[in-house]
C-alpha cells in the first residue's frame, strides 16, 4: 500500500526539500517562469497551485497560510494583489510545465514551469511602443535647428577675423651640420 507516499522526496531530507520548494516558489512568483528539472517542477507545481488558491480567497487566514511558505512580505503582497486577480476566473491549473529535453551535463530531463497568465508579455509590448515613440521624438528634436539670436549674428559680423600666425618649427640638426 502507498500510505504516506504522496510527496516526492527528490533525494533530499525533509528540511532540504522544504527549502528547495520555498526557493522554487519564490523564483516562480518573482519571475513568473523558471527552468528546472521535471521532478522538481511537478513538486513545486503542487505547492504553487495551493498557494494561489489561498491567495484567491484573500482572507487573513489565507495570508497567514501563504506566509508559512513565502517569508517575503512583498512577494506575498504581489501574490495577493497581482497574480491571484489575473487567475481569478480559473478553478485550478494555474501553472503549466513545458518539457525541454535532457540537460547537457547529466542528461536530467529539464522543464519550464510558468504561470498560465504571465504579465511579462503585456509589459514587453508596451515597452516596445514606448521606445519607438521616444526614438521618434528624439529624431524630431534633432532635426529642428535652433535659431541663433539676431544680436549674436551682428556681433559676429562686426568682429574682424584675426590672421593666424605661422607656427615656428624647429629644424632638427642634420648629421652634416653636426660634423662641422
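Bear in mind that the values in this text are calculations on the coordinates, not laboratory data. Since the structure is predicted, the reported quantities are computational estimates derived from the model, not experimental observations. Cβ placement follows ideal geometry from the backbone for every residue including glycine, while neighbour counts extend to all protein chains displayed.
Each peptide in 107-119, 59-71, 4-16 receives the mean, over its residues, of other Cβ atoms within 10 Å, and ordering these scores from highest gives 107-119, 59-71, 4-16. What is the calculated FRET efficiency for residue 130 to residue 30, with r their C-beta to C-beta distance and R₀ = 25 Å, to the nearest 0.05? Given R0 = 25 Å and the Cβ-Cβ separation, E is 0.60. Relative to its Kirkwood radius, the Cα radius of gyration of the range 14-116 gives an Rg/Rh of 0.99. Across the range 14-116, Cα pairs under 8 Å and at least six residues apart give a relative contact order of 35 percent.
Which of 80, 47 comes first, and how do the rest follow, when ranked by fewest Cβ neighbours within 10 Å?
Values: 80 19, 47 15.
In increasing order of surrounding Cβ atoms, one gets 47, 80.
Zone of residue 6 (label point 7 Å along Cα→Cβ, backbone N under 17 Å): which residues in the range 35-64? Of the residues in the range 35-64, 42-54 have backbone N under 17 Å from the label point off residue 6. A simple spin-label model places pseudo-atoms 7 Å from Cα toward Cβ; at residue 42 and residue 68 they are separated by 2.4 nm. On the basis of the beta-carbon distance and an R0 of 25 Å, residue 106 and residue 49 show a calculated FRET efficiency of 0.35.
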